[in-house]
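Below is one structure, written out as structure tokens, with a few remarks after it.
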Amino acid sequence: MKFKRKKNNRLRGSNTHSGGMKKKRRGAGNRGGKGMAGSGKRADQKKTYILNHYGTKYFGKYGFHSINKKSIKIINLDELENLNKEEINLKELGYNKLLGRGKISKKIKVHVEYASKLAIEKIKGKGGEVILK
């Protein structure tokens, strides 16, 4: 068998290396992106591939996306103990939920938007009061 030169050796000296116009093989300029880029709704040539491999869920939006989420700032009973007040308005302090971790040693009156059952029980057990708004 006669020796056959490698293709890349045979193409040395040619400007295009059999890639057509010079511009087309330069970098990634003619590719149109990586991977599934350009596979939007109107990429008809890719649609059959996408539908076979990924199914119909590839296109469109699915599921619920909640926009109005409230941010809940919490405080525990053991932190209320350090405030040393008889009446506390947690909204003024920047909190909107009271949780029941820790112990409470005195009678207090608390104004708050939300409170857990345990927190309410512990405060009422000491003779205090929780006012929910």
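The values are calculated or read from the model by the stated rules, or taken from the named source; none is laboratory data. Since this is a predicted model, take the numbers as computed values, not measurements. Please note: Cβ atoms are built from the backbone with ideal geometry, for glycine as well, and neighbour counts cover all protein chains shown.
Could you check, for the stretch 32-51, whether at least one of its residues is under 32 Å from the mean Cα position of the chain (by Cα) and either assigned by TED's automatic domain parsing to the domain that holds GLY94 or β-branched (Val, Ile, Thr) (or both)? So far as the stretch 32-51 goes, yes, one or more of its residues are under 32 Å from the mean Cα position of the chain (by Cα) and either assigned by TED's automatic domain parsing to the domain that holds GLY94 or β-branched (Val, Ile, Thr) (or both). Looking only at residues in the stretch 11-39 that are of a type in the set (Ser, Thr, Tyr) and either over 19 Å from TYR54 (Cβ atoms) or out of contact with any helix residue (DSSP H, G or I) (no Cβ under 9 Å at 6 or more places or on another chain) (or both), which one is surrounded by the most Cβ atoms within 10 Å (Cβ to Cβ)? Result: THR16. Residues of the stretch 40-64 being exposed (fewer than 11 other Cβ atoms within 10 Å of the Cβ) and aromatic (Phe, Trp, Tyr), which ones? Hits for the stretch 40-64 are TYR62, PHE64. If you go through the stretch 103-117 and pick out every residue that is touching a strand residue (DSSP E or B) at 6+ places or on another chain (Cβ under 9 Å) and either outside any loop (DSSP other than H, G, I, E, B) or exposed (fewer than 14 other Cβ atoms within 10 Å of the Cβ) (or both), you end up with 7.
What pairs come out if I take residues in the stretch 1-25 that are modelled with pLDDT under 90 and pair them with residues that are in a loop (DSSP other than H, G, I, E, B) and surrounded by fewer than 10 Cβ atoms within 10 Å (Cβ to Cβ) whose C-beta lies under 8 Å away, six or more apart or interchain? Note: pairs meeting the criteria are LYS22/ASN15; LYS23/GLY29. When we screen ILE120, ILE88, ILE67, ILE74 for residues that are surrounded by 14 or more Cβ atoms within 10 Å (Cβ to Cβ) and either within 30 Å of ILE50 (Cβ to Cβ) or under 28 Å from the mean Cα position of the chain (by Cα) (or both), the only hit is ILE74.
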